[in-house]
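The values are calculated or read from the model by the stated rules, or taken from the named source; none is laboratory data. The structure presented is a predicted model; accordingly, all values stated were derived computationally and were not measured. Every residue, glycine among them, receives a Cβ derived from its backbone with ideal geometry; neighbour counts consider all protein chains shown. With ligands, DNA and RNA removed, areas are computed over all heavy atoms of the protein, side chains included. Shrake-Rupley method; radii C 1.70, N 1.55, O 1.52, S 1.80 Å.
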Amino acid sequence: MKNNIKYLAILALGLVACEPEFDNPIDEAGVYSSGEADFSNYVALGNSLTAGFADSALYITGQENSYPNILSQQFALVGGGEFTQPLMADNTGGALLGGTQILSNRFVLAFDAEGNPGPAIYAGASPTTEISNNLGSFFNNMGVPGAKSFHLGAPNYGDVAGVAVGTANPYFARFASSAGTSVIADAAAQNPTFFSLWIGNNDILSYATSGGVGVDRTGNPNLADYGSNDITDPGLFNSTYQALIGALTANGAKGVVLNLPNVSTLPFFTTVPFAPLSPLDPNFGPQIPTLNATYAGLNAAFAFAGVPERAISFSASAASPVVIKDESLEDVSADLAIALAGTFGPLAPIVAAQYGQARQATANDLLVLTSSGVIGQVNEARLAELISFGLTPEQAGQFSVNGVSYPMEDQYVLTPAEQSSVENARQAFNTSIATIASENGLAFYNVANDLAQAANGGILFDGGVITSDFVTGGGFSLDGIHPTPRAHALVTNGILNAIEIAYGATLPSVNPGDYGTVTLSNEVGAN
């Protein structure tokens, strides 16, 4: 993603000092107690958030700063036992299968030739983690990056033979106790005395991060119909979550569960503005008069089709919204083709099809972080396609600039209709989580509230503030989704507070200021 954030203003990397909010840790023995909980065998279950995934990869430092590992250090003060993790082999973040790299290296924060900071793939070392080298034992941290709720109970999810064909998870393959086991089976087999469960994010997040490329499966619990980017049916989520809690509490274990944040609080969805096209951009500004003259014809066609509100124009004095494709709009290609026939002749149907569901973005649209690397760039696939349709290379190029003359494709924009699908499912999932926690006497941490606060003013800690601002806020790693070590410390404190309330324990909080944020490096390049 190097050089991809050119529309972002990353102005400073420092944090603002402020008044303390969290208590300072007290080290004296005997001050703390476990209350009704028994932390002697703590097992953490979840997805990438639990595993310590950050900067779009799993690597040792991220794992060591995962909230379960930080929690275990606090639990150790009141009888907590050893906490083991399936550590990767290095801090590079990539991984190999049979010697071939199948997972990309991590992001680092690098500066380009103009001195602009941005995420870039680390190239300072080659990955050394071989997926097929099974670590061969149970681990307390059972977080599996990429896992959805129903994956935790799926047999063969850790079968290394299924990794290459997409039927198994490469991370779980490293430490599954057998090819046919499931994540929950291996977790329950450890007889935990205490557990944490944070699962369900990927049941909506894969749909959201893909810009809504997927299907909302609400009302359909049949997994045979599901694709990787689909939203899980809330009924299926509820029954799956019930089963997971049933397995984890079968031996009387106590635990803590976490709900799911609103995706609109994550910098992956909030960093790229809907109107990034500046008239001051020398690659865009001089073209505005020509673009507006060209779009005038299309706007007349929109009016002919009965959708004048879709008219497109660019401002010469302020930043303009990108042009997007909105699948929720009526497709008016046929009417546009009629109206454009006089101008484009036999090419009219091709031009009409390009804009049949087009409009300019509004503040209600969320452009995903990956869109920053393609806005204003020629879409090579569309260019080749238009040339194959008979357009000259010059004509094809004029209709192939992402977000300017070629509507941003589905995977780059989460439209309001798609956001509603995500949010409706999230609220249903969170209702299930809170209800099942209450029914089973479990501690419940409303992490969604804290992340909303981070996105709306920030959260104070002893010596600073954590916000959701990309890179500068200190809360999110360079993929815009996963927490930094500092945010893991914040989550740890939220969990500790929930445990104290539920079980009468007395536990020391941690100081988020003792934990880092993003990593600077200029050892970057293509990977």
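Okay, residues lined up against (1) open to solvent by 60 Å² or more (accessible area, probe 1.4 Å); (2) touching a Phe, Trp or Tyr at 6+ places or on another chain (Cβ under 8 Å):
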| position | (1), (2) |
| --- | --- |
| THR271 | no, yes |
| PHE274 | yes, no |
| LEU277 | no, yes |
| LEU280 | yes, no |
| GLY285 | no, no |
| ALA293 | yes, no |
| ASN299 | no, no |
| VAL307 | no, no |
| ARG310 | no, yes |
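Scanning segment 458-479 for residues that are open to solvent by 30 Å² or more (accessible area, probe 1.4 Å), more than 26 Å from ILE499 (Cβ to Cβ) and either charged (D, E, K, R) or at pLDDT 95 or above (or both) gives a single hit, ASP469. Filtered by the rule that a residue be over 25 Å from ASN292 (Cβ atoms), loosely packed, with under 14 Cβ neighbours inside 10 Å and under 30 Å from the mean Cα position of the chain (by Cα), segment 362-404 gives GLU380, ALA381. Scan segment 73-121 residue by residue and report those that are open to solvent by 10 Å² or more (accessible area, probe 1.4 Å) and assigned to a helix (DSSP H, G or I). Answer for segment 73-121, where residues must be open to solvent by 10 Å² or more (accessible area, probe 1.4 Å) and assigned to a helix (DSSP H, G or I): GLN73, GLN74, ALA76, LEU77, VAL78.
The number of residues in segment 434-457 being of a type outside the set (Gly, Ala, Ser), within 20 Å of the chain's Cα centre (by Cα) and assigned to a helix (DSSP H, G or I) comes to 5. Residues in segment 405-433 that are polar (S, T, N, Q), part of a helix (DSSP H, G or I) and open to solvent by less than 30 Å² (accessible area, probe 1.4 Å): SER421, ASN430, SER432.
Taking (1) open to solvent by 60 Å² or more (accessible area, probe 1.4 Å); (2) at pLDDT below 95 in turn, GLU36 satisfies each apart from (2). Filtered by the rule that a residue be aromatic (Phe, Trp, Tyr) and out of contact with any helix residue (DSSP H, G or I) (no Cβ under 6 Å at 6 or more places or on another chain), segment 74-103 gives a lone residue, PHE75.
Does LEU340 satisfy being assigned to a helix (DSSP H, G or I), within 20 Å of GLY397 (Cα to Cα), touching a residue at least 24 places away in the same chain (Cβ under 8 Å) and not small (Gly, Ala, Ser)? Judged against the criteria, LEU340 is a match.
Selection of segment 176-226 for residues being of a type in the set (A, V, I, L, M, F, W, C), assigned to a loop (DSSP other than H, G, I, E, B) and open to solvent by 10 Å² or more (accessible area, probe 1.4 Å) yields ALA179, ALA189, VAL213, VAL215. Kindly indicate whether LEU244 is part of a helix (DSSP H, G or I) and over 15 Å from the mean Cα position of the chain (by Cα). Judged against the criteria, LEU244 is a match.
Looking at this structure, is LEU248 closer than 22 Å to ALA455 by Cα, at pLDDT 95 or above and out of contact with any Ser or Thr (no Cβ under 9 Å at 6 or more places or on another chain)? Step through it out loud before you land on a result.
Working: closer than 22 Å to ALA455 by Cα: no; at pLDDT 95 or above: yes; out of contact with any Ser or Thr (no Cβ under 9 Å at 6 or more places or on another chain): yes.
Answer is no for this residue.
Residues of segment 484-506 that are surrounded by fewer than 24 Cβ atoms within 10 Å (Cβ to Cβ) and not in a helix (DSSP H, G or I): GLY504, ALA505, THR506.
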